[in-house]
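**Student:** Here it is, the structure, as structure tokens.
Values quoted throughout were computed directly from the atomic coordinates according to the rules given, and no laboratory measurement underlies them. These numbers were taken from a predicted model, which means no experiment stands behind them. Heads up, the Cβs are rebuilt from the backbone with ideal geometry, glycines too, and the neighbour counts pull from every protein chain shown.
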Amino acid sequence: MATPTLAKARAVQDIPAVVRGFEQLGYITDPSLATVVFLTLKLGKPLLLEGHAGLGKTEVAKVLAAFLGTRLIRLQCYEGLDVNSAVYEWNYQKQLLAIKIEENTGQSIIEKEKHIFGREFLMERPLLQAVQEVEISPVLLVDEVDRADEAFEAFLLELLSDFQITVPELGTIKAKHPPLVVLTSNRSRELSDALKRRCLYHWIEYPTLEKERKIVAARLPGIADELERQVVGFVQSVRGLNLIKSPGVAETLDWAQALMALGKTRLDSAVVEETLGCLSKSMDDTARIKAAGIEKMIAEVG
Amino acid sequence: MAEPEFVGLNDAILLFCRFARANGLSASVKESIGALEAAMTVGVQDRQVLKAALRAVLCSSRQEWERFEELFDAFWGFKQAGLEPAQRKRPNKSALDTQTQQDKAVLMLPTSSDTALSESEQGKAVLGATAHERLKQADFSQIAEGEIADLERIALHLLRQMSMRLSRRLKVSRLHNQVDLRRTIRHSISHGGDPIDLRFRGKKLQQQKLVILLDVSGSMNPYSLFLVRFAYVLQKYFKHVDTFLFSTQLTDITAALRKRQLREALQALSQETAGWSGGTMIGESLREFRTHYGRLLSRDTLFIILSDGWDTGEPKKLAAELSAIKRRTKKVIWLNPLLGLEGYQPLTRGMSVALPHIDVFAPAHNVASLLELERHLQSR
């Protein structure tokens with residue numbers, strides 16, 4: 001009864017094992033996140049991750065899949081996402097062609113119909129794929145679920161409760177190996193209470209200085225110590241400036257990479273100014289950072 | 001509450017769940033069971049781990065997530081002053097204390113915001129149909145303080161319904177697309193003449209774009225409290241809404257209203273705006289709008305002004321600005337709370353010069369009148 005992934009998930013001994021496993025894959029967790037991931041594995045409940053953009057929400061699902069050695073199925077939500085693009089769609093072109101080809105075969109209408117509504121004409125979208133895995137439970141990432149509309153959220157809720165999907169022409173498909181579900185949200189709108197209740201919740205904060213330094217060191221092994229320390233310190237103080245869009249870890253990594261490409265081993269105000277576009281994504285924010293005094297901020301970082 | 005000294009671990013966790021609920025977390029009984037399950041899974045040896053596990057189960061929003069820390073510490077050890085087990089407390093009250101009293105007077109009327117927050121829980125509180133209807137019709141300025149919370153809940157509920165209706169209507173009308181035969185056949189050539197790839201014609205419907213200017217001068221005080229909420233709900237359900245406050249100057253509050261919770265939004269607002277309860281220069285404000293935000297005006301924009309029309313500026317300027325805006329937008333809608341008063345005539349200088357440039361002139365003194373706006377918000 002235990003499926004390979006779930007068996008593996010259950011075999012994850014303790015929380016430190018999660019921390020280690022993720023770290024080997026280049027993802028630095030903190031005890032809180034590791035605990036939640038551990039609970040997700042053990043209880044099989046969906047995990048809802050919220051937090052600002054660029055803090056590695058999506059990455060959690062990717063690393064989780066790699067950690068368990070299973071497939072990652074990703075559903076990117078957007079406004080107007082409907083069942084046709086999330087669950088399944090018939091391949092109409094192929095169906096029409098098939099009708100044409102079978103025109104003179106003398107099959108009865110019922111036979112023909114049965115044929116063209118067969119599996120080979122079904123285009124499986126992420127959610128259907130997720131309940132169809134035959135070998136091993138996949139990780140299903142429902143990314144930016146807040147962008148989809150309420151109707152879709154209701155559908156998702158139904159799916160999460162029993163992992164089965166009904167295709168009228170084929171019947172009900174029940175997941176042999178229920179997927180591990182990770183949902184992410186950027187909080188652009190409130191999710192329904194029912195959905196939130198069903199999930200384990202984790203709010204991803206901006207990382208602490210130590211954690212962020214570990215992340216940068218892990219992701220960019222070639223970086224000079226001095227530069228890494230300064231970059232992280234600088235970004236941390238930029239986050240204190242109350243910008244419209246504070247830089248996330250993704251921005252820190254981008255910036256560090258840019259500086260490395262420029263052959264820098266330490267910050268100076270000229271290069272910070274030139275590469276500020278990595279950190280600030282709007283004119284107002286750039287102005288605010290400049291007003292705070294780049295020179296001064298570098299000096300504070302030391 | 002019994003002291004959790006000699007109670008078993010399970011009981012202690014259940015007690016904690018109850019404590020958390022009493023202090024504002026929305027976790028239900030079902031979550032209590034989840035909490036037990038989680039605690040058993042991770043074990044209770046490590047305090048931090050137990051905390052993280054319970055937090056994942058009991059919280060479902062950032063506010064709760066942040067609040068949890070305090071609750072956990074208060075319950076399992078470091079007792080903190082001021083947290084009574086059964087008492088419902090306003091979270092983060094201290095953050096507000098820095099605001100000026102005046103801002104609070106306008107934005108944070110007592111009890112209203114808390115009730116709005118937990119509407120999902122308290123929404124079930126039964127309010128008789130008559131009271132419901134009466135509040136819907138009641139003039140905002142005549143509401144007794146005790147009824148503000150009720151009114152706010154009704155207003156949010158009804159406005160939300162309205163917005164949902166509007167978005168649903170857009171979806172249904174999308175089905176009216178017709179097959180475009182000419183293009184279908186054109187595209188079918190590559191398939192040997194069979195119309196495999198159907199092409200559709202039909203206007204792509206877009207949600208109405210809204211620009212809202214809300215007057216927060218002194219004379220609007222009794223109304224601005226509710227009108228801000230009105231703007232908040234519209235902003236939440238319409239994709240393209242830009243909202244500004246004005247009195248003698250213009251403030252862009254779009255970003256502040258984007259906050260996910262009404263209370264957060266109001267808090268952000270009270271930090272941002274100067275000029276609450278001051279005088280009014282409508283013409284000046286409109287001019288400022290056109291100079292800095294003119295890009296927001298387009299043929300598919302509804303321009304909504306919420307003001308009583310008491311203007312201390314130059315009437316000519318107001319008329320000129322309004323006509324300039326009217327030329328660039330689809331409709332100019334002026335909602336005036338005073339229109340709800342019996343016998344009101346729009347004779348103030350500002351209002352009378354503005355009238356010729358307005359497409360819709362309607363009242364905005366109660367919930368019912370705000371709901372009337374639905375007709376104009378449908379895009380055609």
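**Student:** What is chain A's relative contact order, in percent, from Cα pairs under 8 angstrom and six or more apart in sequence? Present the calculation step by step, with values, prior to reporting the outcome.
**Tutor:** On the way: 437 pairs, mean separation 65.5, N = 302.
Worked out over chain A, it gives 22 percent.
**Student:** Given 0.36 nm per residue, what is the gain on full extension from B:Ala255 to B:Met40 after removing their alpha carbon distance, in nm? Numbers along the way, then the final one.
**Tutor:** Details: separation 215, 0.36 × 215 = 77.40 nm, distance 4.28 nm.
Between B:Ala255 and B:Met40, full extension yields 73.1 nm more.
**Student:** What FRET efficiency, computed as 1/(1 + (r/R0)^6) with R0 = 45 Å and r the Cβ-Cβ distance, is obtained for A:Asp225 and A:Tyr78, rounded to the nearest 0.05?
**Tutor:** The formula returns an efficiency of 0.60 here.
**Student:** Ok, one more. Report the gain in length on full extension from A:Ala250 to A:Ala299: 0.36 nm times residue separation, minus Cα-Cα distance, nm rounded to one decimal.
**Tutor:** Details: separation 49, 0.36 × 49 = 17.64 nm, distance 2.39 nm.
Gain on extension, A:Ala250 to A:Ala299, equals 15.3 nm.
**Student:** Separate question: Below 8 Å, C-alpha to C-alpha, sequence gap of six or more: please give me the relative contact order for region B:307-364 in percent.
**Tutor:** Normalised by residue count, the contact order of region B:307-364 is 49 percent.
**Student:** By how many degrees, between 0 and 90 and to the nearest 10, does the Cα long axis of helix A:249-261 differ from the longest principal axis of chain A?
**Tutor:** 60
**Student:** Okay, moving on. Between beta-carbons, use under 10 Å as the cut-off and find the net charge around B:Tyr223, counting Lys and Arg +1, Asp and Glu -1. Provide the component values of the computation, followed by the final result.
**Tutor:** Details: positive: none; negative: B:Asp139, B:Asp215, B:Asp308.
Summing Lys/Arg as +1 and Asp/Glu as -1 gives -3.
**Student:** Mind sorting B:Arg299, A:Arg20, B:Arg229, B:Arg153 by how few other Cβ atoms lie within 10 Å of their own Cβ, fewest first? Present the calculation step by step, with values, prior to reporting the outcome.
**Tutor:** On the way: B:Arg299 9, A:Arg20 14, B:Arg229 24, B:Arg153 20.
In increasing order of surrounding Cβ atoms, one gets B:Arg299, A:Arg20, B:Arg153, B:Arg229.
**Student:** Also: Give me the number: length gained by fully extending B:Leu347 to B:Asp194, i.e. 0.36 nm times residue separation minus the C-alpha to C-alpha distance, one decimal in nm. Before the final figure, lay out the partial values.
**Tutor:** Working: separation 153, 0.36 × 153 = 55.08 nm, distance 6.75 nm.
Taking 0.36 nm per residue and subtracting the Cα distance, the gain is 48.3 nm.
**Student:** Can you tell me the relative contact order of region A:174-260? Whole percent, Cα pairs under 8 Å, sequence separation 6 or more.
**Tutor:** Numbers: 33 pairs, mean separation 24.0, N = 87.
With pairs under 8 Å counted, the relative contact order is 28 percent.
**Student:** Is any residue of region A:217-243 close enough, with backbone N under 19 Å, to a label point placed 7 angstrom from the Cα of A:Ala270 along the Cα-Cβ axis, and if so, which?
**Tutor:** A:227
**Student:** Between B:His292 and B:Thr312, what FRET efficiency comes out of the Förster formula 1/(1 + (r/R0)^6) with R0 = 30 Å and r the beta carbon distance, rounded to 0.05?
**Tutor:** Numbers: r = 22 Å, r/R0 = 0.72.
The value I calculate is 0.90.
**Student:** So if I place +1 on the C-beta of Lys and Arg and -1 on the C-beta of Asp and Glu, and nothing else carries charge, what would the dipole magnitude of chain A be about its Cα centre? I want it in debye, nearest 20.
**Tutor:** Values: 36 positive and 42 negative charges, 146 e Å.
The calculated dipole for chain A is roughly 700 debye.
**Student:** Can you list the GluC sites (Glu not before Pro) in region A:71-179 that are in a DSSP coil and have 15 or fewer other beta carbons within 10 angstrom?
**Tutor:** Listed in order of number, the matching sites are A:Glu79, A:Glu135, A:Glu169.
**Student:** Go through region A:204-219 residue by residue and turn each phi into a ³J(HN,Hα) via Karplus (6.51, -1.76, 1.60, θ = phi - 60°); whole Hz please, and just put x for glycine and proline.
**Tutor:** With coefficients 6.51, -1.76 and 1.60, one gets 8, 8, 4, x, 6, 4, 4, 5, 5, 5, 5, 5, 4, 4, 6, 7 Hz.
**Student:** In what sequence do B:Thr348, A:Thr166 fall when counting other Cβ within 10 Å, fewest first? Intermediate results must be reported in sequence, preceding the final value.
**Tutor:** Values: B:Thr348 16, A:Thr166 10.
In increasing order of surrounding Cβ atoms, one gets A:Thr166, B:Thr348.
**Student:** Starting with the fewest neighbours, write out B:Arg328, A:Arg239 ranked by other beta-carbon atoms found within 10 Å of each beta-carbon.
**Tutor:** On the way: B:Arg328 14, A:Arg239 17.
Fewest-to-most ranking of B:Arg328, A:Arg239: B:Arg328, A:Arg239.
**Student:** Nearest 500 deg cm²/dmol is fine: what mean residue ellipticity at 222 nm does chain A get from its DSSP H runs of n ≥ 4 alone, each adding -39,500 (n - 2.57), divided by its residue count?
**Tutor:** Numbers: 16 runs with 154 residues, N = 302.
When only DSSP H runs of four or more count, the value is -15000 deg cm²/dmol.
**Student:** Name the long-range amide H neighbours of A:Val181: under 5 Å, sequence gap of 5 or more, or other chain; modelled H, no Pro or chain starts.
**Tutor:** When sequence neighbours closer than 5 places are left aside, the close amide H contacts are A:Leu47, A:Leu140.
**Student:** Just to verify a number: FRET efficiency for A:Glu103 and A:Lys176, C-beta to C-beta distance, R0 = 41 Å, to 0.05? Before the final figure, lay out the partial values.
**Tutor:** Values: r = 38 Å, r/R0 = 0.92.
Efficiency at R0 = 41 Å is approximately 0.60.
**Student:** Let me ask something else about it. Using a basic spin-label model with each label point 7 Å from the Cα along Cα→Cβ, how many nm lie between B:Leu355 and A:Lys290?
**Tutor:** 5.1
**Student:** Sequence-distant or interchain residues sharing an amide H contact under 5 Å with B:Lys259, placed H: which?
**Tutor:** Placed amide hydrogens put nothing under 5 Å from B:Lys259.
**Student:** Can you give the charge dipole size of region A:68-213 about its Cα centre, rounded to the nearest 20 debye, using +1 on the beta carbon of Lys and Arg and -1 on the beta carbon of Asp and Glu?
**Tutor:** Numbers: 18 positive and 25 negative charges, 73 e Å.
Value, rounded to 20: 360 debye.
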